[in-house]
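Here's the structure, in structure tokens; my notes come after.
The values are calculated or read from the model by the stated rules, or taken from the named source; none is laboratory data. Being a predicted model, the structure only gives us computed values, none of them experimental. Here the Cβ positions follow ideal geometry from the backbone for every residue, glycine too, while neighbour counts run over all protein chains shown. Heads up: the accessible areas ignore ligands, DNA and RNA and are worked out on the full protein's heavy atoms, side chains in. Shrake-Rupley method; radii C 1.70, N 1.55, O 1.52, S 1.80 Å.
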Amino acid sequence: MVSVLQVWGYADEGWAADVAVVVSELVTNAVQHGAGSVVLEIEAYGDQVIVSVADGSSVVPRRREPDGRGGRGLALIEALTRRWHVEEHQGGKRVRAEIQGYPDPWGPATETGSGREHP
Ligand SMILES: Nc1ncnc2c1ncn2[C@@H]1O[C@H](COP(=O)(O)OP(=O)(O)OP(=O)(O)O)[C@@H](O)[C@H]1O
Ligand SMILES: [Mg+2]
């Protein structure tokens with residue numbers, strides 16, 4: 001997953017590590033608390049990257065009081081994203097999380113021209 005971001009030009013390792021945490025927490029939640037097959041999608045629009053994880057359960061994730069067994073995943077996601085929301089998806093749901101903007105003001109250094117060239 002981090003290598004996908006690298007191929008897309010998102011070279012900042014600290015930022016990519018945060019994306020990996022969001023992916024991991026969302027996929028873990030879908031497997032542990034959701035149902036059916038789990039689908040991960042990553043979209044990139046310049047400095048904006050969106051991680052979506054769908055599962056077959058229509059139960060909506062809710063923050064809960066942390067205890068010895070967990071309850072920290074959504075708090076972590078909240079800290080690492082601009083916002084996140086849940087949408088209906090094929091009888092189940094999809095959680096979409098907008099990652100904090102990519103830290104390089106010149107944007108991802110892509111070769112395809114969608115990011116800007118570094119001076
Ligand atoms: N994909 C999901 N489907 C249904 N319920 C969910 C889903 N994701 C989260 N939830 C609900 O939201 C609660 C809070 O999720 P959160 O990730 O914060 O905690 P956790 O998964 O219980 O523990 P931790 O992530 O710290 O191991 C979960 O306990 C669960 O009840
Ligand atoms: Mg969790």
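Annotations
- Taking 0.36 nm per residue of separation and subtracting the Cα-Cα distance, full extension of the segment from residue 67 to residue 28 would add 12.3 nm.
- Over the stretch 5-92, accessible surface divided per residue gives 59 Å², non-protein components excluded, 1.4 Å probe.
- Of every Cα-Cα pair in the stretch 2-99, the percent that sits beyond 21 Å: 31 percent
- Note on residue 4 and residue 35: with the Förster distance fixed at 30 Å, the Cβ-Cβ geometry gives a FRET efficiency of about 0.70.
- Förster radius 30 Å - calculated FRET efficiency between residue 43 and residue 88, Cβ distance, rounded to 0.05: 0.95
- Ratio of Rg to Rh over the stretch 19-73 (Cα coordinates, Kirkwood Rh, two decimals): 1.01
- Mean residue ellipticity (222 nm) of the chain, computed from DSSP H runs ≥ 4 via -39,500 (n - 2.57), nearest 500: -9000 deg cm²/dmol
- To put it simply, the accessible area of the stretch 6-87 at a 1.4 Å probe is 52 percent carbon and sulfur.
- Against the main long axis of the alpha-carbon atoms of the chain, helix 13-33 sits at an angle near 20°.
- Most tightly packed first, judged by the mean number of other beta-carbon atoms within 10 Å of their residues, the peptides 95-103, 16-24 read 95-103, 16-24.
- Given charges at beta-carbon only (K, R positive; D, E negative), |dipole| of the stretch 69-112 in Debye: 340 debye
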